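Just below is one structure, and these are the notes that go with it.
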Amino acid sequence: MSEPLDADSALVRRCLAGDDGAYAALLERHQARVYSFLLRLTQSAPDAEDLAQVVFLKAFRSLESFDLARPFHSWLFAIAHHAALDFLRARKIDLSLDHEDAAIDPADGADGPERLAEAALDGALAERLIAALPPLYREALLLRHVEGLSVDETAAALGVPEGTVKIRLFRARELMRRKWEAFEKDETREVPRP
Amino acid sequence: MNKTEDQFDRSLNAALASLPQLRPSAAFSSTVLASFKRERRAALAPAWPLAAALAASSAAIAAGAMSLTFSIPRLATGAAKAVAVLEAAGRLALHALPAPQAGAEFSAAALLAVALFLTISMPRRRDTRLIGAKS
């Protein structure tokens with residue numbers, strides 16, 4: 001992990017020294033991670049792309065304040081977290097954690113319930129389980145288990161204590177397990193074809 | 001942890017680890033870099049439009065104040081002129097500047113301080129300065 005960190009630090013130093021190519025290199029290295037996180041969080045490709053632009057412009061503008069001892073990607077995710085929360089609040093999306101039983105409809109996917117049951121917990125179903133989580137659980141799960149940040153990096157990115165991250169991760173997995181069990185039960189039912 | 005939970009955790013870990021990284025559109029990089037370059041160019045550009053507008057407005061206010069007499073109609077006229085000049089300067093500055101300029105506030109404060117100094121220190125017409133003085 002130290003090699004990428006060193007590479008990021010070197011690129012940041014080159015940016016601060018006025019090397020335009022280093023900005024392009026930093027962008028190339030991190031754009032897919034930031035965009036993936038924002039897309040899975042907002043569930044909208046145009047919004048995720050707009051937010052990712054905001055994140056990188058803000059990062060480039062405040063590069064002088066970046067602590068070279070920290071991982072660059074976790075700093076970027078902290079900026080992305082704030083941008084995403086501002087976006088969700090502006091869209092009046094509920095950020096509370098008191099609606100854990102939000103419904104997930106097994107029939108709303110392109111594959112249909114029979115296909116999902118056959119595939120067990122594959123990537124497509126995982127995406128839908130993630131999308132059904134409340135945003136604050138979703139972002140913790142994405143950073144920790146999809147983007148591979150450590151618990152303390154996730155806590156730093158989200159601006160919450162590590163204990164809060166662990167609780168959110170535990171509850172996110174519990175919610176996903178309950179939804180998944182609902183799919184398992186659907187597997188045993190006969191699904192009428194149209 | 002029962003068998004179902006264990007099975008779920010293993011499946012979930014595998015599924016999450018296999019999720020692909022998604023990429024933005026092909027134009028994303030160039031759009032971000034172009035926006036950033038535009039911002040930097042704007043920040044480095046000279047602030048002469050703002051400075052010129054503020055200098056003009058400050059000079060106009062100072063000149064107006066020097067020729068002002070303390071009759072109420074003239075005071076009102078002078079104030080109206082000053083407001084109009086300031087508004088025009090503001091419009092010009094907003095139109096001319098693509099982005100907030102570093103030091104613009106400092107320039108504005110300095111120019112207004114100069115205008116105020118000129119207003120106070122330069123000799124006024126005798127009939128305005130000697131109001132209330134014994135003839």
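The values are calculated or read from the model by the stated rules, or taken from the named source; none is laboratory data. All of these numbers come straight from a predicted model, not from anything done at the bench. Note: ideal-geometry Cβ built from the backbone for every residue, glycine included; neighbour counts use all protein chains shown.
Are any of the residues in segment A:44-61 within 14 Å of chain B (Cβ to nearest Cβ), over 18 Å from B:THR31 (Cβ atoms) and surrounded by fewer than 21 Cβ atoms within 10 Å (Cβ to Cβ)? No, the conditions are met nowhere in segment A:44-61. The number of residues in segment A:53-78 that are under 14 Å from the mean Cα position of the chain (by Cα), more than 13 Å from A:LEU26 (Cβ to Cβ) and of a type in the set (A, V, I, L, M, F, W, C) comes to 2.
Taking (1) surrounded by fewer than 17 Cβ atoms within 10 Å (Cβ to Cβ); (2) farther than 28 Å from A:PHE60 by Cβ; (3) at pLDDT 85 or above in turn, B:LEU16 satisfies each apart from (1). Within segment B:10-35, the set of residues being part of a helix (DSSP H, G or I), within 7 Å of chain A (Cβ to nearest Cβ) and over 19 Å from A:ALA124 (Cβ atoms) comprises B:PHE28, B:SER29, B:THR31, B:VAL32, B:LEU33, B:SER35. Applying the criterion of at least 1 residues that are under 25 Å from A:ALA126 (Cα atoms) to the helices (runs of 4 or more DSSP H) found wholly in segment A:1-61 leaves A:20-42, A:45-61.
A:ARG33 meets all of the listed conditions (1) in contact with a Phe, Trp or Tyr (Cβ under 6 Å, 6 or more places away or on another chain); (2) facing another protein chain (nearest Cβ under 8 Å) but one, namely (1).
Please work out if A:ALA103 is modelled with pLDDT under 85 and either within 14 Å of chain B (Cβ to nearest Cβ) or surrounded by fewer than 20 Cβ atoms within 10 Å (Cβ to Cβ) (or both).
On the way: modelled with pLDDT under 85: yes; either within 14 Å of chain B (Cβ to nearest Cβ) or surrounded by fewer than 20 Cβ atoms within 10 Å (Cβ to Cβ) (or both): yes.
For A:ALA103, the condition - modelled with pLDDT under 85 and either within 14 Å of chain B (Cβ to nearest Cβ) or surrounded by fewer than 20 Cβ atoms within 10 Å (Cβ to Cβ) (or both) - is met.
Residues in segment A:62-94 that are surrounded by fewer than 17 Cβ atoms within 10 Å (Cβ to Cβ), closer than 23 Å to A:PRO161 by Cβ and among the hydrophobic types (A, V, I, L, M, F, W, C): A:ALA69 alone. Residues satisfying the criterion are present in segment A:3-10 (criterion: at pLDDT 90 or above and surrounded by fewer than 21 Cβ atoms within 10 Å (Cβ to Cβ)).
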